[in-house]
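Structure, as structure tokens:
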Amino acid sequence: MNEDWLICNKWRMAVNLPDEKPRRGGPFSAYRRSFISKHTLCREALFASIGPVRSAVELFGGLGCSSTLIRHYCKPETHVVHERDPGLCEHLRGLGLTVREGDVYDSIAKPVLARRALLDADFGDFTIHAWRKNKLMQLLWAWMFNRGHRHIVTTDIAEPHLHLHRARYGALLHNDCGDYPEYLDGMSRFFHELYGYSVARAEANYGSCSMLWLQQEPSRIRFSRTWAAYEGVALCST
Ligand SMILES: C[S@@+](CC[C@H](N)C(=O)[O-])C[C@H]1O[C@@H](n2cnc3c(N)ncnc32)[C@H](O)[C@@H]1O
């Protein structure tokens, strides 16, 4: 893949990666773009609302779309990105980022995660049920929330299957999960009890939701939604 992407219709980013096999019946790059585009679009409003910070760390660097937004909206003096895929690490280094190559779960309990103004954890697989089932994810979550980072941004993918799991999620969160904002409200209160952070703002795009966590009492979450597909990561025509 050798493409130029336009991040949120504003910033050009070169993506040079080895070609990969088609997935889900379409070219891999298109699938990947539509998937990452949602996260990117949701994150734009959050990073814009955070504004300049001194330091940032990302746990799941991927293709660097979030990194591009953080760089432009938050302008950190130090910006460290974790990623386990060697090809993506090379790409991220090419964007001028400081990359920690390897499995971020291996970093748990090591004192490598300094306190930062902004931590971004773009999980591709987080739901409250996945968290409950996965002890390693619980440890990682505790590791993230016990370091006093000022702003924490995470991703949740529960919405598409919420109608199948209302009772299960409701029981886990001790909160009605009649709709997605109720699920988010339950999650905000649940993790506030554990770590003292609650969700201040959430931006959803069908299938993906980005949340901004702050050290504060739970209050009404500012929730918005978009249905756009490729606007987060458009392909440059030239
Ligand atoms: C949802 S994508 C992140 C997208 C990213 N925010 C962007 O803007 O391109 C998740 C990324 O995390 C990486 N990843 C998944 N599990 C990981 C782990 N345990 N340690 C390090 N990286 C991981 C994957 O290789 C993938 O690139």
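Numbers below:
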read-out: Prolate/oblate/rounded call for region 94-238, Cα gyration tensor, a/c under 1.5 rounded; value: oblate
read-out: Stretch gain in nm, segment residue 217-residue 16, where the contour uses 0.36 nm per residue and the Cα spacing is subtracted; value: 68.0 nm
read-out: Within region 92-177: Cβ-based charge dipole about Cα centre, in debye rounded to nearest 20 (Lys, Arg +1; Asp, Glu -1); value: 340
read-out: Expected 222 nm ellipticity per residue - DSSP helices of 4 or more, -39500 (n - 2.57), all of the chain, to 500; value: -10500 deg cm²/dmol
read-out: Choice from 86, 218, 76 with maximal GNM fluctuation in the chain (Cα, 10 Å cutoff); value: 86
read-out: Mean separation of Cα contacts under 8 Å (6+ apart) over length of the chain, as relative contact order %; value: 23
read-out: For the chain: lysine pairs under 25 Å (alpha-carbon distance), excluding those fewer than 8 apart on one chain; value: 6
read-out: Order by protection proxy (mean Cβ within 10 Å, highest first), peptides 2-13, 46-57; value: 46-57, 2-13
read-out: Unit Cα scatterers, Debye sum, region 176-238: log10 I(q)/I(0) for q = 0.13 Å⁻¹; value: -0.41
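No value in this document is a laboratory result; all are computed from the given coordinates. Not measured: the values here are computed from a predicted model. Heads up, the Cβs are rebuilt from the backbone with ideal geometry, glycines too, and the neighbour counts pull from every protein chain shown.
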